[in-house]
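What follows is a short report on a single structure.
The values are calculated or read from the model by the stated rules, or taken from the named source; none is laboratory data. Values in this document were obtained by computation on a predicted structure and should not be read as measured data. Cβ: placed from backbone, ideal geometry, glycine included. Neighbour counts: every protein chain shown. Please note that ligands, DNA and RNA were not included when accessible areas were found on the heavy atoms of the full protein model with its side chains. Shrake-Rupley method; radii C 1.70, N 1.55, O 1.52, S 1.80 Å.
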Amino acid sequence: MAGETESLLNVAPDGKRQRVRTLLNAYYRIETCQQEPSDVNGELNDLIASVHFPGLLEKQQELAAEVRKLEGGVQTQVVDNYMTVLQAVNVTNHMKSSLDHGLVGLKNNIEELNSHQCPAVDELSDLGQQIEILLKQQHMCKKLQVLFDLPTTLQRCLDSGKFAEAIQACHCCGPFLQKHKNNPTFSNILEDVDKQSGRIRSALGSHLMLPESTVEQAVKNSEMLLDLGEDWHVVATTYLKGRAAMLQQSQDRCFMMFVEFPEVVVNGQNRIAGAESLQVSPDQVEFEFAESKRFRAAWKSVSELFVPQLCSVIEGFQQVRHFRRASSDGEAITSTIDETILLDFVKLHVRRVCDLLSELVANRHPPTQELVSCIHFLRDSMKPRLHALVPELLTALFTDFMSQMARCAMKTVFQEAAAHLIVDLCCLHDKCKHLEESKDCVLDQGMEEIARTEQSVLMHVVEALNDCEPLLRLVSSDLTSWQQLTQEMHEQLIAFFSAFVHTCHAYIGQEPLFAWNFATPLPFADGGSVSMQLSKAASLDWNGLFGLALVRIGRHFQVKTIDKVWTVANMILDDGEIIDCSPKPPPPCLKENTGVAAKAIMKHYVMMSGQHVAHVFRNSVQNRNWMTTQEPHNPRQVVARVVEEVQAFSEQLSRILGDTRKLNVGHQSQRLTRYRDGEKMEQLEQLFVKRQPVFDHVPCNRNAAVVSIVHIAFKALNEYMRDETFSKFGLQQVQMDCAFLRKVIGDIVATEDASMLCYLLDEVLSSASQRCNDLQTMHVQS
């Protein structure tokens, strides 16, 4: 068995030995070893003894059958391959014979083609030259056709607005026509082209002037005009004119809201009129809110609409100028003139907007804080873009603008304060009139109302000074502007107090007899709110208590209020955070003119009061029959009434002016017997009294005012006596009335003034005596 197995292993081919060994190992579960066994025979014997031999023989038979099967398949495959190779050899031999015959034919054909190639090339070369000549002729004909159709083409482009195509056509054909202009045909075409070019230039100029055109369109039109040979200055001027119209429309849109929503009353009268009431109505609050909103919207529109358009116009001008320089081909460029034209244009429109904003501030009276905020907003909007384009010009213009705006706002603030002053005075007139009609504690309540009015006036001017502080800070960086604004503030302070002076003169129907010596006109020189309030003050009825109140306020202004206000103003100007300056005193003429106004009111008060007493005398003299008068026993009631009126005037003057009167003792007995003196002395006294004016200069004190009032009344009484005829008892009645007046007048006026008034009474008695038909005077005991 071992010998059979060994023989089986030996007969197996070398290629299959490994497979057989693997199968035997798998079947008998023999593990493969890397090293050969040392005792092969022993191991084989052991293996044979342990292996099941019948199974092994059966497996060997199976393997032998499989080997025979494999050998049969290999033989079949070898035969098939051999047959395939024989077929391939046959095909190759057949193809080789066929190719040899085809290559010989191909060679012959190529040789034949080569023989015919040279004649064909020569013939095609001649045809190509003819075609090339014909193409050149065709191209030249097309060019001539374009030249002949050029006027029509330009007209078509002009009608359709395709100016760029027209200019391109001119550039393409123009040099050729210029070169051959001696040719009559080309000369005619050139004339037509020149006419069409002129029309195109006119059309471009018209389009350039349109405000509806954008800056980009205007720049393109300007460049096309330069391409057509238009003069640079004409193009620059036309461009700026058209952009000026565009900027004007922009300005109109910025301020359109103030045209759509006009003020109810011009120049802030709606707010000033509201000052007459103690409480602000909801309608007024809503109006002021809407007004403030529209004011801020106008500034915002200028910043967001006008300024960007102005920057675009400047950039467009510079772009056109760069285009001109690029196409100038070495020609001289007048850059200085160009810069001057541009700067003048910018300066004009910036100043125009500044003037509109100044007018807006003058008409709308915005709060100074809101105004300063709007100015800062406008300045910030100009800095990034406009300042980069024209830095030096913009700095100078905006400095002037802030100075102008600050002066305008300051004038507006003081104008409003002056209007409030006149409104307060008109309100005081109404209260004084009401107090005199009520006749209850007239003087006490009148003094309270006068003090309240003085305090209100002082608050108005102090608030105006406080409102000026932000304006001073606005221009504090520029010394010249700050000095101008300081001067403006002093002048507006003068204008504020002069409003009181003009109110006094307007109330009595007079014009001031003086002129101010400073450049800035007073706020009431125009048709502003102060002028309207002055007209209202001029239409007020005369009221004696109000007249004395004006005198009192004017004297207080003259003595202390003006100095106090100037002290506050100098404190604001001396603020270390702004600019140090030496304090300025109030001008002497201001106090002087205030005193003149107070004296004018005082004079008018004396005249009106004297006329009032004189009218009482007139009615009593003209309504009495002096020829039928009974023998007198007492003075007439009208004399007592006159005394009461004079005493009331004296008390009113004493309280309002703060001038207490002194009683004169021992005066009556001296004056009651003066008519008994000698004839020469009486004539001298009469001559003195006749030559003395009724009243000329009235000092602001009680005694002088009362003396002037009585003087007017006694002079009028003397004139009334000259128109009457008296009986004996009528003369005695006049004598008794005069004696009573002599007795009472000494208790009201000073001694020296009482003597003069007694001379007037002597004149009254003398006039009555001269017109008495039975002269018999009463005997008066001393």
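First check a/c for the stretch 45-115, with a ≥ b ≥ c the square roots of the eigenvalues of its C-alpha gyration tensor; if it is under 1.5, answer rounded, and if not, answer prolate when a/b is larger than b/c or oblate otherwise. Cα axes put the stretch 45-115 in the prolate bin. Cys172 contributes about 100 Å² of solvent-accessible surface, heavy atoms of the protein only, 1.4 Å probe. The portion of the accessible surface of the stretch 365-485 made up by carbon and sulfur, rounded to a whole percent, is 52 (1.4 Å probe; DNA, RNA and ligands excluded).
Using the average count of surrounding beta-carbon atoms within 10 Å as a protection proxy, the listed peptides 594-602, 345-353, 192-200 rank, highest first, as 594-602, 345-353, 192-200. With each label modelled as a point 7 angstrom along the Cα→C-beta vector, the Leu135-Asp444 pair spans 12.4 nm. In this structure Lys220 has an accessible area near 130 Å², from a 1.4 Å probe over the protein heavy atoms.
What the phi angles of the stretch 152-163 give under the Karplus curve with 6.51, -1.76 and 1.60, with θ = phi - 60°, is a coupling list of 5, 4, 5, 5, 5, 5, 5, 5, 8, x, 8, 6 Hz, glycine and proline written as x. Quarter the surface of the alpha carbon convex hull of the stretch 388-451 and you get the mean projected area, 5.6 square nanometres. In the stretch 610-640, whose amide N lies under 12 Å from the spot 7 Å out along Cα-to-Cβ of Thr725? List them in ranges. Only 626-628 pass the distance filter. What does the C-alpha gyration tensor say about the overall shape of the stretch 104-170? Classify as rounded when a/c is under 1.5, otherwise prolate if a/b is larger than b/c, or oblate. Cα axes put the stretch 104-170 in the prolate bin.
Annotation: amide H-H contacts under 5 Å for Phe726 (H modelled 1.01 Å from N, sequence separation of 5 or more, or interchain): Cys772, Asn773. Taking θ as phi - 60° and the Karplus parameters 6.51, -1.76 and 1.60, the scalar couplings of the stretch 312-323 work out to 5, 5, 5, 5, x, 4, 5, 5, 5, 5, 5, 4 Hz in sequence order, x denoting glycine and proline. Rolling a 1.4 Å probe across all protein chains gives His365 an accessible area of roughly 0 Å². Which shape class applies to the stretch 68-211: rounded if a/c is under 1.5, otherwise prolate when a/b exceeds b/c and oblate if not, where a ≥ b ≥ c are the square roots of the Cα gyration tensor eigenvalues? Cα axes put the stretch 68-211 in the oblate bin.
Based on alpha-carbon atoms, the Kirkwood radius and the radius of gyration of the stretch 543-632 give Rg/Rh equal to 1.43. Take each peptide in 721-733, 418-430, 754-766, count the other Cβ atoms within 10 Å of every residue, and average; sorted highest first, the result is 418-430, 754-766, 721-733.
When you count, for each residue, the other Cβ atoms within 10 Å and take the mean per peptide, how do 104-110, 445-451 rank with the highest first?
Highest-to-lowest ranking by the protection proxy: 445-451, 104-110.
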